[in-house]
1. Counting alpha carbon pairs within less than 8 Å and at least 6 residues apart, what relative contact order, in whole percent, applies to chain A?
2. Whole-Å semi-axes of segment A:288-358's equivalent ellipsoid, largest first, each the root of 5 times a Cα gyration tensor eigenvalue?
3. Between 0 and 90 degrees, rounded to the nearest ten: what's the tilt of helix A:68-83 against the longest Cα principal axis of chain A?
4. Does a label point 7 Å from the Cα of residue A:637, set along Cα-to-beta-carbon, have any residues of segment A:170-192 with amide nitrogen under 16 Å, and which are they?
5. With θ taken as phi - 60° and the coefficients 6.51, -1.76 and 1.60, list the Karplus ³J(HN,Hα) couplings across segment A:125-142 in order, rounded to whole Hz; mark glycine and proline as x.
6. Enumerate the calculated ³J(HN,Hα) couplings along segment A:488-498 in order (Karplus 6.51 cos²θ - 1.76 cosθ + 1.60, θ = phi - 60°), each rounded to whole Hz, writing x wherever the residue is Gly or Pro.
7. Can you list residues whose amide H is under 5 Å from residue A:233's amide H, if they're 5+ apart or on another chain and H is modeled 1.01 Å from N?
8. Quick one: give the max-minus-min coordinate of the C-alpha atoms of segment A:524-591 along each principal axis, largest first, in Å.
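We did not get these values from a lab; they are worked out from the coordinates using the rules stated. The structure displayed is predicted, hence computed values, not measured ones. Positions of Cβ are generated from backbone atoms using ideal geometry, with glycine treated the same way; all protein chains shown enter the neighbour counts.
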Amino acid sequence: MNVENFKYDNVIVRNFAIATALWGIVGMLVGVIIAFQLPLPFLNQTEYLTYGRLRPLHTNAVIFAFVGNGVFLGVYYSLQRLCKARMFSDTLSKLHFWGWQLIIVSAAITLPLGLSTSKEYAELEWPIDILIAVVWVIFGLNMFGTILKRREKHMYVAIWFYIATFIAVTVLHVFNSLAIPVSATKSYSVYAGVQDALVQWWYGHNAVAFFLTTPYLGLMYYFLPKAANRPVFSYRLSIIHFWSLVFIYIWAGPHHLLYSAVPNWAQALGVAFSVTLIAPSWGGMLNGLLTLRGAWDTVREKVELKFMVVAVTCYGMATLEGPLMSLKNVNAMAHYSDWIIAHVHNAALGWNGFLTFGVLYWIIPKIYNTNLYSRKLANIHFWIGTLGMIFYVVAMYFSGITQALMWKELTPDGVLKYTNFMQTVTQIIPMYYLRAIGGVIYLLGAVLMVYNLYKTAKQGVLLREEEASAPAIEPEKSEKMSHRWLEGKAVLFFVLTVLAVIIGGLVELAPSILSEVYSPTKPLVRPYTALELEGRDIYIKEGCANCHSQSIRPFKNETMRYGEYSQAGDYVYDHPFLWGSKRTGPDLLREGGRRSNAWHYNHMKDPEVVTPNSIMPKYDWLFRKKINVDMVKDKMYALRKVGVPYSEEEINNYLTSLKNQGQTIVDDLKSSEMNPNELYAEWDDEIVALIAYLQILGKRIENVDSQKEVKND
Amino acid sequence: MEIIFLLICISVSVGLLFLMLFIWSVKNGQYEDCHTPAMRILIEDCKKEETDTKGEKLR
């Protein structure tokens, strides 16, 4: 046997570990800030730091910066050891590391600036999207290069999950990010309305599935057995776990769009597969927990195991709750409420957070060749982390169920009991405080960890190049198809995984994208005018969709509160769709014409003046800033390319149209009863554009009808 | 509502397909050795202990 000597690259592991810990703190800190912004609206200071702009920063930071770097940390450590090989290329490793940090920094700069596509977890604008794709491919090349030159023929289960992660995230990111650029900082989704919603939640759900779950399952399959020093409970189960999970997960996306204008069959399919998901998810969860059978005493000794056990337990809870929430009757209540926030934080704080902490506590002493600086401190972290999580999650369950019940409660006479939406907001303010406190406690724990790991690194010496040796794989003789042949063939495995992953997406998305049934070409609504389009872009920029939905479900209480339920025709020209996913404020789909221009003017200036106790921020800058008139034409041309039927005349006359529509609103504001100087505006002020947009929401259908009648006459 | 019959047919055939794939994989020996892969990852690279003189100033 020809034994080869080689070295593991621990520097890249250390770098990703530092990035994970630091971005984790940043992401959680932003989370704590926005948690306090809800009950204390005065914390929304300056246009750059409002809730609407910081929430995407929080989600992006914890998902892509904290968990993302956590994934790479775990992959770079375990893949080298599982393949008995150094990473394929040190250059690629470095490019991957710095490229990813560059993406995070650009996100941290652009999101507060309001450069956002508004699609959840895909808010970053197109140049950053391209950078993400490039860096992701670099990661993939580095990973597959390592797999191909491995010295261990059989690929361990963790590697399968890494492969699936790479494939699925590539497909999801590319197809959801397809957009038509207007400038370097602005683009429109190529999909409109219902299609955009389907693609977005196919992405959104599978960002959870293939960015927050499958790579972490890979980490679980490696680090849990390593930390416990026991083999995984059942290798057989892990085979079934893998194939069924990657096949089923991709189908579940439409459960985010139940009772919406999305075709019914897609909703039903989403629910069916979501419920089916319980089986593989719990198979994996039990496989992890049962690894500790007969060795539970080690959990008492090893703090990293404590974190891992709670992580896997939270995974089990979240993957039972998720399928239940996808049932239509449960979803009717849970959707749009803080219940969703409780659910995702159960998974994010518990599963992703705690598993990352466990892995960090295990890896850092290993690569620094020392012991953990303080077990006691780590134990304190464990307990206050758990406490913070409970504070957070329980508060959000109470909040979610309270608001959902209040929204739908009718009096015996059949009218809404809480007609004023504000009543349902003030009721849950105490829960917002509790949640924020929970977040602070959890963050404190993470800070303790950073200190502890820093001290650990200080007392040890980094094994930059860890020496190892293994026999080279012998050239394959024509061995008969013996056991484990599939898992020894990386390329075939890759191809089969691609198949398993894309089938669901194809079946669900292809019909709605190819068929005209789901993208009505008949002009049920007219396209937005130049000014409304500008207003809509301000709505996107300020992140209004983070708190306001634009999708009314066919329930009595919703149609009574918000107007006629939404249909596909409502959204034909919506690039991107703005359905939102949470109702911290009321739905706005049919807001147009309900209130006066003056009301909106005052409301945006200081919401509390017109809505006592409102928790919405003040938007002072809308009254100072002017719309960028020069870009409107380009925007209209870009939208025409993706199917919005603007005529050449409309585009050429955009300036007149802007001025006229803006001036009408300005005149109306002046003529309102109050002191005219109080409602001062000019036609090109941002506030005027926003009012134009808000006033047309849900109104365009009538306009078309009236126009038609005029023409017929 | 008729779509339900189509859906049932499709679901049953997908289920059968997976059952066939499963039976094939069992017969093919995919599940024959489920012990060594799980054990192998636990074996540390033995060389590490001996050559590690750099990090000597441990506690």
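1. The normalised contact order for chain A reaches 17 percent.
2. Working: eigenvalues 175, 33, 8 Å².
So the equivalent ellipsoid measures 30, 13, 6 Å along its semi-axes.
3. 30 degrees
4. Under cut-off, by backbone N: A:180-188.
5. So the Karplus estimates, Gly and Pro as x, are 6, 4, x, 6, 4, 5, 4, 4, 4, 5, 5, 5, 5, 4, 4, x, 4, 4 Hz.
6. x, 10, 4, 5, 4, 4, 4, 4, 5, 5, 4
7. Result for residue A:233 returns A:291.
8. Taking max minus min along each principal axis of the Cα atoms, segment A:524-591 gives 35, 28, 16 Å.
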